[in-house]
Structures are given as C-alpha cells and as structure tokens.
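Reading through the structure tokens given below for one structure.
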Amino acid sequence: MSIELSTTYLGMKLKNPVVASAGPLTGNLDALRQLQDCGVAAVVMPSLFEEQIEHDEAEIDRLYRYQADSYAESLSYFPETEHYSKGPQEYMDLLEEAKNILSVPVIASLNGHTPGGWTRYARMLESAGADALELNIYFVPTDCGMDAQEVEQRYVDLVASVRQSIEIPLAVKIGSQFTSIPNIAYRLMTVGAEGLVLFNRFLEPDLDLEALQIVPDLVLSQPYEVRLPLRWIAILRDQLQCSLAATSGIHHASDVSRVLLVGADVAMLTTALLKKGPRHIETILVDLVNWLSENEYVSVEQLKGSMSRANCPDPSALERANYMKALTTYTKEYWYP
Amino acid sequence: MSDHRYTTLDGNEATALIAHATNEVIAIYPITPASPMGEYCDTWSSSGKRNIYGTVPEVIEMQSEAGAAGAVHGALQAGALSTTFTASQGLLLMIPNMFKIAGELTPTVFHVSARTLATHALSIFGDHSDVMTVRSAGWAMLASNSVQEAHDFALISQSATFKSRVPFLHFFDGFRTSHEVNKIETIPIEHIQAMQATELIQAHRDRAMDPDRPVLRGSAQNPDVFFQAREACNSFYLAVPRIVQETMDHFAQLTGRKYHLFDYVGAEDAERVIVMMGSGAGAVEERVQSLTQTGEKVGLVKVRLYRPFDREAFLASLPKTVRRIAVLDRTKEPGAMGEPLYQDVLTAFFESRENNATSQSELPHIIGGRYGLSSKEFTPAMVASIYDELSEESPKQHFTVGIRDDVTHLSLSWDPDAVHEADDVKRAVFYGLGSDGTVGASKNSVKIIGEHTTMYAQGYFVYDSKKAGSITVSHLRFSPRPINSTYLIERANFVACHQFSFLEKMDVLKVAGPGATVLLNSPYSPKEVWSKLPQNVQRQIIGKNLRLHVVDALKVASETGMGNRINTIMQTCFFALADILPRDQAIEQIKKAIRKTYGRRGEQVLEQNFAAVDAALAALHEVQVPVMSLKELPVEPVLDGHSDFTFIERVTKALLAGRGELLPVSAMPVDGTFPTGTAQIEKRSIATEIPIWDSSICIDCGLCSLVCPHAAIRMKVFPEATLCNAPQGFESKAWRDKEQPEHLMTIQVAPDDCTGCGVCVDVCPARSKEAVRHKAINMEPKDDHLERERANFDFFLNIKESDRTQLKIDTVKGSQLLEPLFEFSGACAGCGETPYLKLMSQMFGDRTLIGNATGCSSIYGGNLPTTPWTTNAQGRGPTWNNSLFEDNAEFGLGLRLALDAKYEYAQSLMAKCAENLDPELVQGLRESLSTSEEELEIQRKRVESLRKQLAKTDMLAAQALAAIADVFVRRSVWIVGGDGWAYDIGFGGLDHVLASGRDVNVLVLDTGVYSNTGGQASKSTPRAAVAKFASGGKQARRKDLGMLAVSYGNVYVAQIAMGANPAQTIRAFAEAESYPGPSLILAYSHCIAHGINMATSMTHQKDAVQSAFWPLYRYDPREARTDGQPFHLDSRAPRMTFRDFAMKEARFGMLARSNPEEADRLFKLTQQDINDQWHYYEQMAGIERTISD
C-alpha cells in the first residue's frame, strides 16, 4: 500500500512534510542540490540579516571615508572598486541560482532591523523569485519601559506592513517567549501571516571567564527541544486557520511523526542535516513511511493534527498538570535528601 | 553646448584618460602629486578598460621612478607604446633613462605634475624646478596651463612624439592643475584615434628589437665617432616645432580648440609683455583682460612648446610694439645669471639681432623674475605689480613676486586689494575638517554645477600638514565663462564654516567680501549664537555687512544616522543660500550626486544621506545681526624677521596662526635648520574624548604609555613629598617596586595633545572587579576633564624625571619612566609607527642622530610648522634630517662615517694632549664601549673632566679636542623609514649599508604599503591584500627582508610587533642598539590603509603574530660564536588561520567581497606562504653558526 506523504504548507503543495530549515546547508548550492536529490520537500534559505547588511555597508563607507580628503598626499587609502558585492545582492544572486537549479519550493528568509528594511528587502526577495517568504523576527527588548503590548504590537505592525508589500505567501518565525503564545499567534495570522514557524531558537551568548567577555556561541538543537513546538502546535492547531511548521529538535522520523500528529503541516530540520548530511532526509522519509505503514496510516494528511489539543485523549497533559507530574517523576529518579 | 561633452575632473584624471587610451605598457611609481595618474590607470586596467587599440594596458608598479623609466625604455625598445607619470625627485631618478630614450629617438610621453625639488626642505607642492632640471635630456617639453590643456596637450604630445620620434615631457603644475577640479570638454575616442596615425605607430614597431630583424642599439662609442653620432639627430629636433604646430592645427580641426607654440593674449599694440608658462598664466591673462579694457598696452605670451625652443615662432608671437618684457620663471637657479626661460628669451632676441631676424630696431628691455615656488600664491594683484614695474624707468632685474624679501630686496610689493574678480563669478569658500567630508561635498558641488548647468565650475582644495584633525579649505568658483583663475579666492561672496571651533582658531571671515553670505555650523540657536561669536567675527560681520546663517548640522547628522558627517547637510544649505540653482533642482541634483558617489556603498548609506539632505533646510536659519557699532577692524601687523623675540615666537607661532605667508625672507633660516621641541606649543586639542586614569585599579604596567602614538599619556614615579604643591584632583598611587619603596606613581594624560584614538584604553589590562567594562583608564568626554587635566599635566611636567641610571630600561615599566623625546606628532590618530619612534627616543634619544627616509615619518617628523622631536632638560635630544626617499640608508651610513671619523680624530688629538691629561681619564674615555646608562653617565662626566683639563692648556689640539669631545659619548645612529623605502626604492642602498658592517641601526616602520602617498603596494605588501596599484589583490608573496639581512650573518635582525609582545620589542631595540654593527628592525606598524579599527589596532597585532602572519624573531650575530644558535623565534606556532586574521582587515576582506574566488585562491596561497615560512624559521632557530669578526 502506498502512503501519500504530501502536505500543504503556505498554500503550496509539498511532496512530503520534510523541509530543510534555514541554515548553512541551504546557503550552499551544492548542498541544496543534494537536499533536493535526497527528497526534501522545500528549502528555507538562510536569513538575510538587514543588520548585517547595514553593518557591512557602514563599515565599507567608513573605510573609504576614514582620513579621506584630509591630507594632500593621500586623499584616499583604498582603490575604488566597482565590483565589491554589497548588501543583499549576494543573497539575491544565491536565491536566483537556487531557483534555477531546484524544482522544490524555495522559501526566502528575512531578518530585518528597520521598518523600511523589512518591506524593502521583502520586495527584493519576492522579485528575486522566492516562492514564499519567512520572516525571522528576533527582537530582544532591553528597556524596562517597554511593555509586552508594545513588543507584540511591533511584531503585528511589521507582519502587516510586509504582507501589504508582497504577493507571495508569508510565514512568520517567532520565539517562544511570549506571555500568551496563542494570542500573538492569532494576531499575526489575522494581519496576514499564512503560516507560523515555531519556534526560533534564541542563540544565547556565553561568557568567557578568562577574557571576561560576552562571546557568541552557536549551540545546535537537542532532540528534547522538539517538545516546545510539540506542545504549542497541539494547542494552536485547532484555533488557527494557517499553516504551522515545527522546528527545533527534530532529528528523526519519530520527531516528524510527533509534530505532524499534534498538527504541524511540515517539520523543519537543521541540526540533524548538519550532523548527518543531506542523505539523512532519505533515512527520515523511509522511516516515516515505515512508521506510517506499521501504524496503518494512509496519508500524512490523515495523521496531521490527530493528536492536537482538541483531538488528543487527555488535553490536560499539555497544560500545567503535565509540568507538575513530570517534575515529580524526574526528581524521584535521582538522589534526593 | 549640446555638441560638446563636458565633464568636471582634475588635471591628473584629464591627463590619465589620454595616457591610458593611447598606451600599452604603463610603468608607475607613487609620488605626489602625480600618483593619482597611476592610480587611475591601475584601476581602469583592473576593471578591464581598453585603450584605443582594443587592449587593456598593462600597468606595472616598479621599485622606483628609475625602475619605471627603465621599464618604459625596455618596453619602447621592444615596440610597445609606453608611458609613465612622475614629479620632482621621481623625474630626477628618470634622467639617465631619459637621455637614453631621447638618444635613441624613441617616441613616448612622460606626464609630469611639476613639483618642487627638495633643497633646504622638501615640498610636495608645485613649481618648475623639476622639469627645468631635465631640459638638457633631449626631450620636447610641452607645458599645460590648465586642466583643459592638460587633457588636450596629453594628446597633442602623444601624437607629435610619433611624428617626430622625439620623446615628449608633458607637464603641468602640481596641485594647482593636477588637483584642481574644473569643467572641461573631453576629447571623444574617435578624435583620439584620429590623432594617432597608424603608419607612425607601425613605424615605431618596425624599429623595435626583434630577432627576425636583429639590430644593435646602445653601443659604446669612442672619440672617433661619438660626437658626429650625437649631432646626427639634429634634423629631428629641428622638425619638432613644425610638427607640434601641425599637430595643434589638426587638433583644432577636430575639437575647435586652437593652440600655438606660443600663444599671445592682450593688446595688439602692447608695450609691456609678460612671458611665462604654467598655470600662473591664468592669473596673468585675467589681469591682462581687465587692463586692456581700460586701454593699457599690456600682453602675455604663453609658452607652450618650451623645448625645442622655436626662436622665430616666439618672436613672431610678440607684438612689434613691445618695449618691456618680464620673463617669469617658476624655479630658482642660485648662482645663474637668470632663470632658464629668461635666458632663453634673451638668447632668442640676441640671436635674432645677430641674424637680423627681428624687425625691431632696438631690443626690448627684458627683465627676469621668479614667482610661485612651491605653489606660492600668484594673483592678479601680483601681476599688476609686475606690469607696474615694467613701467618704471629702471625696472628691477631678477625680481621676485609673492613674498617680501627684506634681505636682498628683490621682491615687488603689491596691493592685494587693488584687483577684484568679476562680479558675475560666484566665489565660495568652505572651511572644514578632513574628517567631516567637506572636500568630498565640495567636489560634488563642482560636479553638480559643472555638469548640470551651463555655468563653468572650478574647485581647489587646501589641506594642512596634519594627518589627524586636519583642516581643509575648499575654494569653489562658478562662472558663466571658463574659469582660469589659478589662485585662491580672496573676496568670497559665500563663506561656510563647518566647525564652530574654527572661529576661535583662525580668521575664517578674512576671506569674506563685503555683503557675503556666511553659513555657520553652530550648536547654538539663531538667537543665542551672536553672543557666542568671538569679537573679531562679530566685528567683521558688522563691518563687512555680512549675512549670517546657522544650521546645527551635527544635530541633523546625528538624527539622520550620519554621525559626524555633516557634509551633505552643509552642502544642501549652501545650495539653498547660494542661489545658483532653484532649490528643488539643487536638492534633486545633490541626491543624484550622492547616489553616484555613494551608490556602491549600499542603500542604507544612501538613505542616511538623503534623510540628511531633506532635514537640512528645516534646520537652516538666518541670524538677525544686532545693530551695534564696533571699533574698526584691526590692521594686520607686519611680521618682522629681526625682532628680539625667539625664533619660535617670531616664526613658529606665526606659522601656527596661519600667518606664514606674511613672514619675510629675513625671518627664515638660510639653510633649512630649525629648532626641535616645537610640537609641544601647538596644543591642538582635537580629541573629543580623552583617557582618564583610575588610580584605584591601575597595576603599574606602563602599557598605556608604551603604545600611545602621541606621547600624550605618560608615567612618572616620585617621592610623596613631590605632591605638596599638586593641584587639587592630581591622582597618584603607591608604586609597586622594591627598589623604590615609599614612592608614588601617576599616569597622566596631555589633554590638549591627545588625539582621542583610544589605543591606551584598549591595551589596558586592569579592569574593575565591580564593573568589568571600567578599566584603569577610560575614554571620557574631554570637556568634562579639560581644566583639571590641563593643570595636572602642567604639574606633571614639572615633576623630576627618573634617574635613567637607576631604571630597568629593558622592561615595559622601566622604559616608560624614560622621558619621551618624540611627542605630540601630527600623525594619524592611533598611528602604528610612532610608538616605536617614541620608544626609540626614550631609550636612546639623548644621543641619537636620525636619518629619516621621506614618507609618513618624515612628514609627521619634520613637516612645518612644528616637529615632535624634542629635548630633555639638559638640552639633549635626537637630531634629525631627511635627505631623500631613495638614499636614506646611505645618508645614515654617512652620519656614522662622520662620527667614526670624528672619533678617530678625537683619539688622535687626545694622544697629542695626553701629557697634560690624567692617564686614568684618557684610558676611561678610550675604553668606554658599554651602552649602559650608568656607563654613559660616567663617560659624560669624563668628557666634562676632559674639557676642564683641556682648558688648562693652550695647545691648539686641546681646543680642537674640546670642541668635539662629546663624540666620546657613544652616539646612536638610526636610519628610519617605511617599507616603500626599505623594500623598494632604497633597497639597493640598504643592502649595501647592511653589508658594510658599520654600526648603524635601521628601523623599518613596516606598514606594508606606501602609507604617506595613500596606500600603494610595496614589496612588503602581503599577498592577497588589496592596495592601490594592486587593486585586484597583491599576487606575489611578501618579500622576506629580514632573512635577506640574516643571510649576511653579521647583521642583527629583529622582527617585532609592539602590540603582540612589548617585551620582545623593547629587548630588540636594546640589542640592536648595543650591537656594534649593522642592525635591522622590522617593526609591524598597523595603518589606516589596512582597513582596521585603529582603536583596537595594538591588540589586533596579537592576531598577526598568532596566525604567524608576522612571526617574531631576533637574530643576534653575537650569539653566532663557536656554533651558537643566533636565531631566536620569539613567537609560538600558528594558533589561528590566515583567513581568520585576514577577515578582520578590510585590505583582505575587500578582495573576499569583490572577487571571492580570487580571494580563496590567494588566501590559500598566503596560508601556504605562512606555513612554509614558519617551517623555515623553525629550522633557522635550530641552526648553528660561527660568524667570524
């Protein structure tokens, strides 16, 4: 019996629910080609960081300006070159190339910094051929005077303005640190997000004890992290009429099955692909088919959301009671005074 | 106008456009003010721009101008079309090849931005002393007077040289023409092609060396035929004037611009005529035009083809009515009967009379005069004085104009107010900082008006001699007619002051004409600004009825993300007030110009600039000038060369006040000798933030003082009693040193001398336990601390210096208690070179002679008005001289040879006087070889005793010995320069000096580029780095100069990086100096041309060492004895990849952006270089050597 793996994400028909999330592999044309060959259903390009572009532009501008026209013998210190790549062009070139070589949908990802930047780059990505756009909103409030409402309004306004500026499907990737995830998710959907990607992992910096410096540190996801999207997708699935993508901690076919069961339309992978390479997609797809087959599912669509909060036998397990129970069980297994 | 192609560019670009279009091989070498021509060609060729023959010219940088000329000579001999660009000393280095090229009748054009030759001083500015020096080389010489002519004559020369086979020197005035931006009509490609006859090019190729048609050229000849052979070329020279005129005529047919060998302008019946060439003709022509309108019988002959000098054409250009002629030379030949052009004119008249070739019954009265040396201003008012002089019964012979000569009384006086420019010429002057972008915006304004209106536009830019905090003055003219005003604006109708603080420092409004508009960048509102203006400014505003406007440009810049870049804001306000273009159109054009200039920098940069433009006008306000009467404007006092004041009071302070133009001849040293110790009087106060010491955290390490490029943060140790008169707030702490218990120490900033670079804070290792970001020194707003720190620094200076004999000077702490004798230089903020010089001055400065190669170190070391080299309380300090760029090693060796000769003479005199001297003293003086501070002090005391004992005898030998006895105290000779000198132009000499075995110390301040001329590649430039002349990334591996020197065996060599290993640096200096033979120190010197954050530049040096990009080592021949191991590798094996290091520097990162594949290739090769070099050095560290004495 053949099993129908296709799913729909952001209005796009995908051949299966396994999507390569934004990461180093999706920024490399060879790797993209391999991912497609191994069966990936769609790819999300690495994020175009407006802040980085601004920083680079400012640095180049500073470089040329510094000490220029100051001293008669040295009116500049660098040869002007016409061809240095600047700003988003490199990204646009990569996106166009990816579109040329891939038949699966290519989702561009954007991490903006200014209101003007979000919409400007969103339009640029659309015109470069992106099939859909994922907004990667990563805002760390540092001001005690800024309340939750203000933070959330930023997200909502931003999504609304980008939605109005482009025609392609729009997904929004957010972090989990909201007072009410269902409320913000609902508001984002209301202003035009056709999908939510849950969740962004905040890459917390570390502290170097020797140098006494805050240092950036990339920590790859661990399998247990899948539980966060698992819970919230289960809770959101029945209340939202938009696509849901699960990301973080999806390493195996069993993780894919889990997130599909609670209601995700797609499962997104980064860490597992980095560790095991593009061919891991093949393994996941085989394992997924086997599991579906063993459990007598006929399609992914059948599976999707069958364990959502509304559909699962014990919704309370998704709520606080689960925490209390888990904590008690956990501590008992270890040394206790 | 629609039939013509107008563009605004400077003389260098105008010339380079033709040179690049018509040549195949371009050999270049950087020299101001000609470097931009090579840079343009290199950039164009790098981007694939083709010449008219369809190929991309090969642009190759050589090791010197001599090398460039040699390469051109070879290229020509093998049949290529080849050229070069140069000026000044560079042209002198080309002379031998120029004789050869001319002797072989080889067509080529050398384009020269004529520049002053170094005599009593170096000068980068313009005159004809260089081109006049090569007039015997057998080259045709064609003089351009303007940017348009530089463009046109470049092509006329290129065409005429192939017709005549005589090589052409095409020259124009350095800076005044080379750097003046002017609206010119460019020559279309088809006209350039039409001027190059294919058959003549082919004839040149047919004459080339070719094994299919072998010839011998460059033979050696004997007395039997050399003379005849030398005369064999005469007919070619005789033909040149006709060929040039025909070429000019052909050019006129194509372009409509007519030129002649000698162009006359003025009255047809002129009686008084000036003969001259170069940009000064612009000023003369303007004066002639206005004088002839009033019926004056005056005229001007502009000499175009100076060599071969066509007597008939010259005489024919003069009106027959001429009775008086003034021949102006922009050069000086001391001892000659007159300058060259004057002599040529005399000869022409004399020979014509001999030959009855002139119809004039009697020769005119001809006088010669000098003007404009080193770009000295030459104005229509001065021209007026020359015509007046020609009206005198006995006009002054060999006069000068533009200066006041109160010694030989040759100068003409002139009335600067006698002549005014035409009313319809708009004249704007902008005062700005180098860092605020004023010059860039002014260049854009010239382009906007020049290229988008029917008006003509001209821009000329004046810079001061500082690299940090430099002030710029932009002079812009806009006129309905072509602008040939080759002098600075004197009565502006618009003056913009982009920095409020300038009002206190200089007379900004002196240049404002009556009724002028003044635009002031002011932190004060229109209502409060008046009370903040200095009285002199208020007086001029009222006295000249000026209209004052203010804009808080810094606030607008800050609000629009522009930081301190106020240029576009001020530019927008200028257009709003200047009434040249309608406002909307002006703003549109400004934005277009911004897009053109900054477009490639990205949208953000553009948007910030656009936002600044949009916000500017709302912040622009006119100031209601109060009605009040003020005293008359003060009359400028006449400066006197003979007053009782000290030299510094009389001269240096006048220079600092911007009044150097007013100094008379008598005020100046006759031989270029100046006192040292003058930078300390400048107090430029350019920093906005200064380092403030927190004594509670300091760990006494001295690093802040060591790395300070300006000696603006210092350390002293003193007994507690010293503080009894300390000002309130003077900080100190306990000094942690067993040998000086009960002592205190202080780290003190010189608040008015600090440039605010922040390097000291970056290296400070001591952090607060409570707030880690707080260090033992922290950058804080200067204004919050200025008064207190000024008082503290004054007190600090009066604290007694530590006793040198008691210090461990080979440690960081100890070395920093030595008084710096190099302080407050005008080098860039955060300069990587100056900390080494300061350290050298601390360790050996009181007995040092310095020979300094031309370059950054000679500019911040010896460019007037001041010098950072200074003296200690005993009056001792480094004595300094800059000979040339190319000869510095030899010059330094000469210093050593003189010292050794003097020492030997002193020894022989002492032997003669020995009977009258204490034998123990004589022995001590003779045998003192140690360079320890204790021994030096003892030796100084011996010299004192010697003099006392000599004074008791009346022997002539005793007097002679007393005069030179100081030579017994060991002198330290330092040969200082950059890598451009050591690796390239001066390498031959350096190699010879190192091989000489003599006791000299060579310090190479190795930035890996020609820093002073703007970052051109040298052989020290690392592979993969982007630099000028290597805009596609340097292809070749960096030359290992250190190992070349090590190969001699008896040369002390060290490679150091202060920021990576200060202790090794200090040790290397001590060892190099004490080694009684040649020593070479290669000092890693970061530079703004690396594209790094200068504030963290010293800590970044650690990356250079950790990646083994710059390994540290010392090779000490003293350890090469009986199989010793003299090579010490002082840094550890690479712990970082080259890529990780390189991507922190824009010189490498730029390549990764512009050409990632090439960057990958070159980065890999560079990593291989590094691996190979490390492997080699590791083996060297194990090698045993025995070097015999």
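Read the figures in this text as sums done on the coordinates, not as results from a lab. No experiment lies behind these values; they were computed from the predicted model shown. All Cβ positions, even for glycine, are placed from backbone atoms using ideal geometry, and neighbour counts span all protein chains on display.
With R₀ set to 51 Å, the beta-carbon distance separating B:A726 from B:N564 gives a calculated FRET efficiency near 0.90. Sorting B:49-58, B:226-235, B:383-392 by their mean Cβ neighbour count within 10 Å, with the most densely packed peptide first, gives B:383-392, B:49-58, B:226-235.
For B:G1124, the residues whose modelled amide H falls within less than 5 Å of its own, excluding neighbours fewer than 5 places apart on the same chain, are B:R1185. Could you pull out which residues in the stretch B:90-109 have an amide N less than 16 Å from a spot 7 Å beyond the Cα of B:M209, following the Cα-Cβ vector? Under cut-off, by backbone N: B:97-98, B:100-107. Please give the FRET efficiency for B:K948 paired with B:L797, using the beta carbon to beta carbon distance and R0 = 35 Å, rounded to the nearest 0.05. According to the calculation, E is roughly 0.60. Listed by chain and number, the lysines placed with their C-alpha closer than 19 angstrom to that of B:K952 are B:K912, B:K941; residues fewer than eight positions away on the same chain are left out. Scoring A:152-159, B:744-751 by mean Cβ neighbours within 10 Å over their residues and listing the highest first yields B:744-751, A:152-159. Residues B:W1174, B:W139, arranged from fewest to most other Cβ atoms within 10 angstrom of their Cβ, appear as B:W1174, B:W139. Spin-label pair B:E351-B:D614: with each label point 7 Å from Cα along the Cα-Cβ axis, the two points sit 6.9 nm from one another. Loop-located GluC sites (Glu not before Pro) in the stretch B:527-607 (DSSP state not H, G, I, E or B) with no more than 15 neighbouring Cβ atoms inside 10 Å: B:E528. Taking 0.36 nm per residue of sequence separation and removing the Cα-Cα distance, the B:E780/B:T454 pair yields an extension gain of 112.3 nm.
Taken over the stretch B:261-412, lysine pairs spaced eight or more positions apart, or on distinct chains, with alpha carbons under 17 Å apart number 4. Modelled label positions at B:S768 and B:D249, each set 7 Å beyond Cα in the direction of Cβ, lie 8.5 nm from each other.
Residue by residue, the stretch B:716-725 carries 3J(HN,Hα) couplings of 9, 10, 7, x, 4, 4, 4, 7, 4, 10 Hz when phi is fed to the Karplus relation 6.51 cos²θ - 1.76 cosθ + 1.60 (θ = phi - 60°); x denotes Gly or Pro. Distance from the C-alpha centroid of the stretch B:395-472 to that of the stretch B:826-858: 33 Å, rounded to the whole angstrom. Of all DSSP-defined beta bridges confined to the stretch B:261-412, some 20% are antiparallel rather than parallel.
Candidate cross-link partners of B:K532 among the lysines, defined by an alpha-carbon separation under 25 Å and a same-chain spacing of 8 or more, comprise B:K505, B:K510, B:K544, B:K555, B:K631, B:K683, B:K782. Straight-line reach from A:K15: taking Cα to Cα under 20 Å and skipping same-chain neighbours fewer than 8 places apart, the aspartates and glutamates in range are A:E4, A:D37, A:D131, A:E134, A:E194, A:D255, A:D265, A:E282, A:D287, A:E296, A:E301.
Modelled label positions at B:N234 and B:H621, each set 7 Å beyond Cα in the direction of Cβ, lie 8.0 nm from each other.
Cβ-Cβ distance of B:E934 and B:Q1179, R₀ of 35 Å, FRET efficiency by 1/(1 + (r/R0)^6): the value works out to about 0.35. Here the stretch B:32-61 is scanned for amide nitrogen atoms under 19 Å from the site 7 Å beyond the Cα of B:E1158 along Cα-to-Cβ, giving B:38-51, B:55-61. Each peptide in B:832-838, A:181-187 receives the mean, over its residues, of other Cβ atoms within 10 Å, and ordering these scores from highest gives B:832-838, A:181-187. Using the alpha-carbon atoms, what tilt in degrees (0 to 90, nearest 10) does helix B:1062-1074 show relative to the longest principal axis of chain B? Here the helix axis deviates by roughly 80 degrees. Amide H contacts for B:K466 (H built 1.01 Å from N in the peptide plane; partners 5 or more residues away or on another chain; cut-off under 5 Å): B:I471. Counting Cβ atoms of other protein chains within 10 Å of each residue's Cβ and taking the mean over peptide B:1003-1016 gives 2.
Nearest 5 is fine: what % of DSSP beta bridges in the stretch B:426-622 come out antiparallel, could you say? Of those bridges, close to 60 percent are antiparallel.
From least to most packed, judged by other beta carbons within 10 angstrom and beginning with the fewest, A:D69, B:D1040, A:D143, A:D61 follow the order A:D143, B:D1040, A:D61, A:D69.
When B:I1092, B:I31, B:I60 are sorted by how many other C-beta atoms sit within 10 angstrom of their C-beta, beginning with the fewest, the order is B:I60, B:I1092, B:I31. Counting only DSSP beta bridges whose two residues both lie in the protein assembly as shown, roughly 40 percent are antiparallel. Phi angles across the stretch B:908-924 convert, under the Karplus curve 6.51 cos²θ - 1.76 cosθ + 1.60 with θ = phi - 60°, into 3J(HN,Hα) values of 5, 5, 5, 4, 5, 8, 3, 4, 9, 10, 5, x, 5, 5, 4, 5, x Hz, Gly and Pro given as x. The H on the amide N of A:E134, modeled in the peptide plane, is under 5 Å from the matching H of A:A108, A:S109, A:L110, A:A171, each at least 5 residues off or on a different chain. From helices alone, chain B scores -11000 deg cm²/dmol at 222 nm; the rule is -39500 (n - 2.57) for each run of n ≥ 4 DSSP H residues, then divide by the residue total.
Shielding value for B:1027-1037 is 2, the average number of Cβ atoms from other chains within 10 Å of each residue's Cβ. Rounded, prolate or oblate: which one fits the protein assembly as shown, using the alpha carbon gyration tensor with axes a ≥ b ≥ c (rounded when a/c is under 1.5, else prolate when a/b beats b/c, else oblate)? It comes out prolate by the Cα gyration axes.
Spatially, the stretch B:1114-1160 and the stretch A:104-125 are offset by 41 Å when compared through their Cα centroids.
Mean per-residue shielding of peptide B:599-612 is 6, counting Cβ atoms of other chains within 10 Å of each Cβ.
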